[in-house]
1. Points 7 angstrom from Cα along the Cβ direction at A:M1 and B:L115: gap in nanometres?
2. Which loop-located trypsin sites (Lys or Arg not before Pro) does region B:203-252 contain, where loop means any DSSP state but H, G, I, E or B and the Cβ has at most 14 other Cβ atoms within 10 Å?
3. Find how many whole Å separate the alpha carbon centroid of region A:56-74 from the alpha carbon centroid of region A:105-135.
4. Give me B:H113, A:H5 sorted ascending by neighbouring Cβ count inside 10 Å, so fewest comes first.
5. Give the percent of DSSP beta bridges with both residues in region B:351-499 that are antiparallel, rounded to the nearest 5.
6. Just counting partner chain Cβ atoms within 10 Å, what average do the residues of peptide B:224-236 show around their Cβ?
7. Go ahead and estimate [θ] at 222 nm for chain A from helices alone: -39,500 (n - 2.57) per DSSP H run with n ≥ 4, summed, over the residue count, rounded to 500.
8. Across peptide A:183-195, what mean number of C-beta atoms from other chains lies inside 10 Å of a residue's C-beta?
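Where a number appears in this text, it was derived from the coordinates with a stated rule and is not lab data. Only a predicted model underlies this, so the values are computations on that prediction, with no experimental measurement involved. With ideal geometry, Cβ positions are generated from the backbone for all residues, glycine too; neighbour counts draw on all protein chains shown.
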Amino acid sequence: MIPRHLAIGMAVLLAAALVLGGYAWHMRKAVTAAPEVATDARPLAPPVAGPTEQVVLFVAHDEDGSLRAQSAQIPMPSNRQQRAEELLRALLSIYLDHNSPHVLGPGSEIHSVFLIDPGVAVIDVNGAFADTHRSGVLVEELTVASMIHTISANTQGILKVKILVDGKQRDTLAGHADLASYYDVGTVNQLATELQPGQ
Amino acid sequence: MPWISGRQNSPATKHKRQRSRRRVFSVCAIFFAVLLSLSAAYLSGAPADKHLSVYSVAANYALPLVQREGRDYVGLLELLEPLGQVTAKADGSKWRIRYNSSIEGDFQVGKNHALVMGREADLGGQFLMENKRGLVPVGSLGSLLPRFLGGPVTLHEAAGRLFIGSIATHFTASLAGENPPRLVFHFTAPVNPIIATEPGSLRMTFSREPIVSPASPTLTFGNKTIPSAIFSEGNAAAAITVNASIPVMATFSSDGRTITIAPTTVAVQNIPPANPPNAAPPTSAPAQNQPTAAPTTAANPIPRRYFAVVDASHGGDDHGETLSTTLMEKDITVALARSLRQELESRGITTLVLRDSDANLAVDQRAVFANADRAAIYVALHAASFGHGVRVYTAMLPYGGDDRGPFRSWTTAQRAALPLSQTLAGLVTSELQRRQIPVHDLPAPLRPLNNILGPAIAVEVAPQGSDVSQLTAPDYQQLVTSAVATAIANARDQLGAAP
């Protein structure tokens, strides 16, 4: 014979389980019915403090495979490393525009730029930057040359540049441009000159 | 009265028994006859034994294939035996093979992967063991064998042909003379095909020679008498079928390196005005006075030296750019490489195509092969939907990479040859401009250009307009490759090496 208090306890627990089960089912239904929030793939730029300065960006143009100088007014922090990051973010904002002369894939972002003395710059881009990049020798070369020439033209003393993807070394940007080695800034600047319109 | 045994029967019973025996014999005879005819029918309907032809510098040989689980399998030990010292050991479900006492491969029955020198290799199917014989899927040989042999391997799986190293024999075909026309085939190594003629065609079957397809398998000559020739391969052999409107015959010259197809004497008399070709008997069997074994490079252990190395970039898992939903860059680069090889060889320049099939080949391996071959020029081919016309690239050397004593830096191996590479790029650019093709030459951070010791350029071909399908057009491909080949031929002396 089951004691009376044990039977009552069991009945209460069973009732509680049923009620909780019903509540969980209701909640699941509510979550399923809730409208999905659209994902915004645009990068989130950190706030920048500093006076606005005029800088020169070297923008790739697909229609003639050239690199053209373009002036821009952007807030520039005093820190050298942050200045380099802002330069590349300004360049990227041009490439992420729908009417860009050299479109990059959605979600492309500069994680950070590290300046290591003497003369080393390490640009860390996110995975989307490389994963969504168009494949081809010239199209990849334009992106790389534009970034390196922009950063070296506005930051003194950079001799070599390394590009990482999500903090890790990658063989190529999108199957062609070599990311395994350090770029020689002198050579890239020479290439940038060759890529100027009319050269 | 003699005793009659109880077992002795009357004549009627005896006769009955004999009839019964005869009936049993008849039934047995019919049964065996039916069995025999069924066996014969089964055997006649059975597919012919499949083989794999293996072409290598060491030996050319054929191996039987067995079909298991819907795939063709081949014995790995039997495959490697003619190429070096091989031993194999079975231990339960495990099987270990050792090649040249240094390279070890570990296999396990039922597993899709193997370990070769500790690195995993995908077999694309289960490893099987029968009577301690290790069987691997034929499809895996393209990626598995380079691990053992340390060199490129090209597998034509559907045709059952395996090329180990730079062994392929290439050929060109050109029409000489109009009346009567003569079709002249030039081969890069002596050949000895089986020749069969039938109305409307002459077929040359190459069972021992590593003949490979030209840029296009169908060659057209714009001649009514000999309109075309078709290259095909299958059943572990290659064949060239020459279509002709009149009976033709084949003659051999240049120690089997040249085969001339010309109308027979009788046929020539029907072509006004008559101009008889060189008298030679029609060949219907293996050519007389020709070596019986394929004397390609098998007889000569010294590797062939190529003047040009043409590299079809990407391949295998690396598709390169996806040019359209059905078009990959890796497919265009192979077509361009074959076309460039034909153009170069027609100018007397011996050429090695590094990737002649859809195989994986790392950039480091490409540089190793090009450097080992000491080619006078390395040309990497790329295709792109971006931009218009052609871009010619030279290496953009990375930072640093100084040579250490007698050792060249891998990342800047190109440094010494860069001026010559730039000169050649300029010549190619001029030739393309001369042919009205939009062209631009510039340095590019493109591997393996910087790892090549000799002169090296890369050619990226984009459509002239916006239609990407132009990249597949043989006319456009030939327009570009012909210009590149002309520039290389003109720079032959400058490049400073004899073909």
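1. Simple spin-label model gives 7.0 nm for this pair.
2. Those that pass, being in a loop and sparsely packed, are B:K224.
3. So the two Cα centres are separated by 18 Å.
4. By the 10 Å Cβ count, ascending, the order reads A:H5, B:H113.
5. Details: 5 of 17 bridges.
The answer is about 30 percent antiparallel.
6. Rounded to a whole number, the mean comes out at 0.
7. -13000 deg cm²/dmol
8. Details: counts 5, 8, 1, 1, 7, 4, 0, 3, 5, 0, 0, 4, 2.
Shielding by partners across A:183-195 averages 3.
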